[in-house]
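Below you'll find the structure, written out as structure tokens, and then a few comments.
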Amino acid sequence: MRSRTARLTLSATAATLAAALGATTLSTPASAGPGDRKPGTHGHHQATAVRFATFNASLNRASSGELVRDLSTPDDAQAAAVAETIQRTDPDVLLINEFDYVEGGQAAELFRDNYLEVPHNGAPPVDYPYYYVAPVNTGVPSGLDLDNDGTVGGGNDAYGFGLFPGQYGMAVYSKYPIAIDDVRTFQRFLWKDMPGALLPDDPATAAPADWYSPAELDAFRLSSKSHWDIPIELPGRKPVHFLVSHPTPPTFDGTEDRNGTRNHDEIRLWADYVSGGRAAAYIYDDAGQHGGLGRGQDFVIAGDQNADPVDGDSVAAAIDQLLRHPRIQDPHPTSPGAVEQARLQGGANLTHRGPHAEDTADFADALPAEPGDPVNPGNLRVDYVLPSERLAPLGTGVFWPLAADPLFRLVGIYRFPASDHRLVWLDVRTSRARGR
Ligand SMILES: [Ca+2]
Ligand SMILES: [Ca+2]
Ligand SMILES: [Ca+2]
Ligand SMILES: [Ca+2]
């Protein structure tokens, strides 16, 4: 099943050659912006650094077929701003969250061909010979009344919130080969099969953990989109497992907190997966294979986890399952734009305890003026690129320029030209250079 859903393609010879020769030799200091990495270094040096990135790009649309229509011409202003953001930061391995899944990889190929491989405002094209897309749970009807509103149907009763199958999906692009036969997907793993799952409780009844009926739990998938383990083949070293997901926002629910608890356990799946051994023994993939990563396997966890370490609505310590995991490093990427915007936007941001510099998303900030007004989260750190313990970080950052920077036009303010999230990147050293 897992390789049938995969799509792997090769593009121009030049791109393939560049990918084969490796990425860049620049070791960007932690404080530097991604723009410091000059174009043209690809393919001219030994591979010593690889840039991983995550970007919730809001390349989702309101109806099935709309994204393909938008990407079929080079005229979509939002897709162009997303593409230029990617070109300016030039990741080698990239997860895009909120990219509608279209069978056959049509949307992923159109975005690559009509946007990524086309220069924007002087930013050079970026070539990804490899990509991966697969089905997700968003918008797939469950046939069950999952939100307990008395009727069956609509986005809230889908396996993951969405208005059509594939909405808010994911896409991975890579300059390096993907070990396609070793990709594992966890789209259909059932929440009830996680030991100690935080199954939500219906507060109106005495029975515990009964928001979902036994029949619903027999069908309820943990992953709101999917969880993918995508091994990336880097030169001169064993594959790095790119572990990608997009846990549900911990909001849009009631006191039962069914989305908050699901968000926590979606994050937990990767924590247990990289623990491996007995901690991961319960995990099974869509091909029926059990277990997690071995101790000797390197990985990078990427995605919009919809959880800030201290602020916002997520279940307490949800993201700490990753940030404080003994096998995971937190490189603390920052940007100057996040600090500037938190100050300019004020409101909920002024109540935050986490550092503004680490925010990765520009959410609504207005404080409730009277009881009943919405409680807005303010800007949060929700997008992460987290390396395993043996990968050496060479640099990291969030693409969020200052307002005076000409590239600020790519991020802007609400309603944003590209996305309410910012691209997060991380450079890691490959284990050894060629020739050693
Ligand atoms: Ca319902
Ligand atoms: Ca109950
Ligand atoms: Ca904001
Ligand atoms: Ca904040």
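The values are calculated or read from the model by the stated rules, or taken from the named source; none is laboratory data. Predicted model, so just to flag it, every value in this text is computed and none were measured. Don't worry about glycine lacking a Cβ; one is built from the backbone with ideal geometry, like all the others, and counts go over all protein chains shown.
Hey, among the residues in the range 205-222 that are among the aliphatic types (A, V, I, L, M) and in contact (Cβ under 8 Å) with a residue 60 or more places away in the chain, which one's farthest from ligand 2 (Cβ to nearest atom)? Per the criteria, the residue is 219. Consider the range 158-193. How many of its residues are touching a Leu at 6+ places or on another chain (Cβ under 9 Å) and part of a helix (DSSP H, G or I)? Counting residues in the range 158-193 that are touching a Leu at 6+ places or on another chain (Cβ under 9 Å) and part of a helix (DSSP H, G or I) gives 4.
Among residues belonging to the range 192-204 that are farther than 13 Å from residue 272 by Cβ and touching a residue at least 60 places away in the same chain (Cβ under 8 Å), point out the one that is farthest from ligand 4 (Cβ to nearest atom). If we take residues in the range 192-204 being farther than 13 Å from residue 272 by Cβ and touching a residue at least 60 places away in the same chain (Cβ under 8 Å), then 199 is farthest from ligand 4 (Cβ to nearest atom).
Whether a residue is touching a residue at least 12 places away in the same chain (Cβ under 8 Å) and away from ligand 2 (no atom under 16 Å from the Cβ) was assessed, and residue 154 does not pass this test.
In the range 361-381, is there at least one residue being over 23 Å from residue 50 (Cα atoms), assigned to a helix (DSSP H, G or I), more than 16 Å from ligand 1 (Cβ to nearest atom) and out of contact with any Phe, Trp or Tyr (no Cβ under 6 Å at 6 or more places or on another chain)? No: the range 361-381 contains no residue that is over 23 Å from residue 50 (Cα atoms), assigned to a helix (DSSP H, G or I), more than 16 Å from ligand 1 (Cβ to nearest atom) and out of contact with any Phe, Trp or Tyr (no Cβ under 6 Å at 6 or more places or on another chain).
Of the residues screened, residue 428 is one that is under 30 Å from residue 293 (Cβ atoms) and not aromatic (Phe, Trp, Tyr). Note on the range 99-131: residues that are under 30 Å from residue 252 (Cα atoms) and of a type in the set (Ser, Thr, Tyr) total 1. Among the residues that make up the range 391-410, is at least one of them part of a loop (DSSP other than H, G, I, E, B), without any contact (Cβ under 8 Å) to a residue 40 or more places away in the chain, surrounded by fewer than 14 Cβ atoms within 10 Å (Cβ to Cβ) and of a type in the set (A, V, I, L, M, F, W, C)? Checked against the condition, which is being part of a loop (DSSP other than H, G, I, E, B), without any contact (Cβ under 8 Å) to a residue 40 or more places away in the chain, surrounded by fewer than 14 Cβ atoms within 10 Å (Cβ to Cβ) and of a type in the set (A, V, I, L, M, F, W, C), the range 391-410 yields at least one hit.
Assess whether residue 383 counts as being closer than 21 Å to residue 421 by Cβ, under 20 Å from the mean Cα position of the chain (by Cα), within 12 Å of ligand 3 (Cβ to nearest atom) and of a type in the set (D, E, K, R). No. Scan the range 156-166 and give yes if some residue there is farther than 30 Å from residue 82 by Cα and away from ligand 3 (no atom under 16 Å from the Cβ), otherwise no. Yes - at least one qualifying residue is present in the range 156-166. The set of residues from the range 403-432 being away from ligand 3 (no atom under 16 Å from the Cβ) and either under 14 Å from the mean Cα position of the chain (by Cα) or at pLDDT 95 or above (or both) comprises 404, 405, 406, 407, 409, 410, 423, 424, 425, 426, 427, 428. Which condition breaks for residue 141 when tested against (1) free of Cβ contacts under 8 Å to residues at least 12 places away in the same chain; (2) within 30 Å of residue 215 (Cβ to Cβ)? Unmet for residue 141, out of (1) free of Cβ contacts under 8 Å to residues at least 12 places away in the same chain; (2) within 30 Å of residue 215 (Cβ to Cβ): (1).
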